[in-house]
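Note sheet for the following structure.
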Amino acid sequence: MSKRKSRAASATKAGAAPCTVTVCRGCCCGTPKVPGLDHRAQLTDLRASLAGVANVRPTDCLDACEQANVIVVQPSAEGRRAGGRPVWLGLVNDPDAAADITAWVKAGGPGLVDPPDILDLYAFAPSRRIRQALDD
């Protein structure tokens, strides 16, 4: 078992604060501006599949509209202690992407388990101003 996998197992056993999955539902994300996606179903599916594993919360605009739909995965308390930081994922506009995010969070998320390689296609770095606004 790798160090990250053993950390994920200990975090689950300890009942530490879980990951938080923030789903943007502002001016562009979660609207018809992103056609062909059932935004309500995406949020419902994330909540159902991560129930008891992570906190899933919708939020107003994260101001990264060019990346709609945006999901931010914040590490659990254990993940943060292990060096995990929030991971911003954009263009999450298909069920497979949401399923990859769900599998990663269930495995432990940032700081505890490396994300699947496919999520590299969705990862982006928001501006410092946007990051500060989310942290406030």
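At a glance:
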item	result
When residues of segment 8-41 are limited to those that are surrounded by fewer than 19 Cβ atoms within 10 Å (Cβ to Cβ) and part of a helix (DSSP H, G or I), the one modelled with the highest pLDDT	Ala41
Residue tally, condition among the hydroxyl-bearing types (Ser, Thr, Tyr) and farther than 10 Å from Cys19 by Cα, over segment 74-116	1
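The values are calculated or read from the model by the stated rules, or taken from the named source; none is laboratory data. These figures come from a predicted structure and were not determined experimentally. Using ideal geometry, Cβ is built from the backbone for each residue, glycine included, and neighbour counts are taken over all protein chains shown.
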